[in-house]
Structures are given as structure tokens and as C-alpha cells.
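**Q** Have a look at this one.
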Amino acid sequence: MIELLFPRGVAAAEAFGDPDGAAILPAEESLISQAVDKRRREFTTARHCGRQALGQLGIEPVPILRGERGMPLWPERVVGSLTHCDGYRAAVAAYSMQVRSLGIDAEPHQALPDGVLGHTSLPEEREVLAGRSDDLHWDRLLFCAKEATYKAWFPLTRRWLGFEDAHITFTRDARVAQTADVPGDVAAAGTFESTIKIDGTTVDGGAPLLTLPGRWLIAGGLILTTITLI
């Protein structure tokens, strides 16, 4: 279902479990040699999805190693992003000549644990969420959007972006209907905008990152957030 949130030219792959054919490559083994079984399965399937996405771009399977602050290292001239949560793993990739950066995140559609929202949001964001009366878990959606924002931000700036450094506003699409390609009913979808509150200078010589446009989808008990920077 994640492909619904991206423009043409972005390859996407996802899994709702850990398929038997998923495997890591030898070069990736050192990254999870000490990991518990759950973490190892998440890592393995996310990388498996990453190689599937690269395959859609015509790129042979390669190790997806880990760079600064855990950033996935993609082949030259490729940008991408990985995510995983309970019951879901996904990856997206695109050629850098078409897409500047990508960020994705997935979370269960559940309320955040007590106390987390106060540490991961701005006062003005909490004020808006407090005024929402529907049955969506906006607190978890906000957290998910901040994670996607960071994943799109860091490869272009190589600087930390705290939860307090991006102000996110949401728009909900009132016309969402059930979609055959999505497991279960589509609960809601829409867009969001991350307004960056710190210096957005980038290392690629391109325009500074001032606002990052995103899309979100809640379906099948999951929250998905995505950012595509062109």
C-alpha cells in the first residue's frame, strides 16, 4: 500500500511479515551480529524490501550498509529510505537525478505510550491535537511524521533534527474510500507539512530545507508517513 503515497519514479516494496526468502548479505552480518531475534528479522526483511525496490530500478542486489547516525547507505546515484514496525516492513528507492531525498516511517495505529507526546512534540502541535475529536490516533501520526521528516532531512544536511526542530501541520482528505490494494478499510489519508525551525542548509549545494511536504495513510491498523523531495 505504500506505493499509493509516491509519485512515478519511486520504487517501493513492503512486507506484512518475514518471508522465508528474506536474507541478509554477508557484508551486512556485522550490523546485527549481536541483535536479538526480533531485531534481526526486522533488519533482514527491511533490507530484503530494499533490494526489491532497487531491483525495480534495474539494480542488482547489493548490501545496504549503515552510515552516520544509522543512515542506510544506498548505491551511488540512488536515494532511499527503510522502515519497520510490528507486522510491517518497507523500503523505497529512486534515482537521485529524479528525487532529491526520501523519508518513510510506519507505526501501529495506536496511542503513544503515556508521557511520550510531551517529549516529541511542540506546544502548538499538542494544542491542535487536543482539539481533534475523531477516532484517529493523531499523537502517533505526529510521531510518525516527525520520523519520516528526519529520514528525509539527514542525508541532505548531515545534521541532527530534534522533535522540537520541526513544526508539523496536517490536512485530512475527506474523500478517502476503501481501496482494493490496501488490506482492510482505509481509515484516513491526507497530507502534512514539516516546517523546519533550524538552519536548513544542505550539503548537496541545493536549496535549503525550509518546509518538507508529506503524505500519510492509516489503513489495516498501520500508520504510514512519507516525504518525497524533488
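**Q** Along each of the three principal axes of the Cα atoms of the stretch 72-184, give the extent in whole Å, ordering the values from largest to smallest.
**A** Per principal axis, max minus min of the Cα coordinates gives 46, 38, 26 Å.
**Q** Of all the Cα-Cα pairs you can form in the stretch 102-158, what percent are over 18 Å apart?
**A** Details: 604 of 1596 pairs.
Cα-Cα pairs in the stretch 102-158 separated by more than 18 Å: 38 percent.
**Q** Using per-residue counts of other Cβ atoms within 10 Å, averaged over each peptide, order 114-121, 223-230 from highest down.
**A** On the way: 114-121: 13.2, 223-230: 24.2.
Output ranking for 114-121, 223-230: 223-230, 114-121.
**Q** Would you please put 15-24, 42-51 in order of how densely packed they are, using the mean number of other Cβ atoms within 10 angstrom per residue and starting with the highest? Numbers along the way, then the final one.
**A** Values: 15-24: 13.6, 42-51: 23.0.
Order by mean packing, descending: 42-51, 15-24.
**Q** State the percent of C-alpha pairs, over all pairs in the chain, separated by a distance greater than 23 angstrom. Before the final figure, lay out the partial values.
**A** On the way: 12465 of 26335 pairs.
Cα-Cα pairs of the chain separated by over 23 Å account for 47 percent.
**Q** If I take every Cα pair under 8 Å that is 6 or more residues apart in the chain, average their sequence separation and divide by the length, what percent do I get for the relative contact order? All intermediate terms of the calculation are to be shown ahead of the outcome.
**A** Details: 447 pairs, mean separation 43.1, N = 230.
The value is 19 percent.
**Q** Considering amide H positions built from the backbone, and no H for Pro or chain starts, which residues 5 or more places from SER96, or on another chain, come under 5 Å of its amide H?
**A** The answer is VAL78, VAL79.
**Q** With θ set to phi - 60°, apply the Karplus curve 6.51 cos²θ - 1.76 cosθ + 1.60 along the stretch 142-148 and write out the HN-Hα couplings as whole Hz, x wherever there is a Gly or Pro.
**A** Rounded to whole hertz, the list is 4, 4, 5, 5, 5, 5, 4.
**Q** Still on this structure: In whole Å, largest first, what are the principal axis extents of the Cα atoms in the stretch 2-91?
**A** 38, 28, 25
**Q** A follow-up question, please. Could you sort the peptides 131-143, 65-77 by per-residue average Cβ neighbour count (10 Å cutoff), highest mean leading? Write down the numbers at each step before the final one.
**A** Details: 131-143: 16.2, 65-77: 13.5.
Those peptides, ordered most packed to least, come out 131-143, 65-77.
**Q** What list of whole percents do you get for P(r) of the stretch 39-136, with Cα-Cα distances grouped in 10 Å bins up to the one holding the largest distance?
**A** 13, 36, 25, 20, 5
**Q** What FRET efficiency, computed as 1/(1 + (r/R0)^6) with R0 = 22 Å and r the Cβ-Cβ distance, is obtained for ARG132 and THR201, rounded to the nearest 0.05? Let's see the in-between values first.
**A** Details: r = 34 Å, r/R0 = 1.56.
The computed FRET efficiency comes out at 0.05.
Every number in this text was worked out from the coordinates using simple rules, so none of it is lab data. Since we're looking at a predicted model, the values are computed, not measured. Cβ: placed from backbone, ideal geometry, glycine included. Neighbour counts: every protein chain shown.
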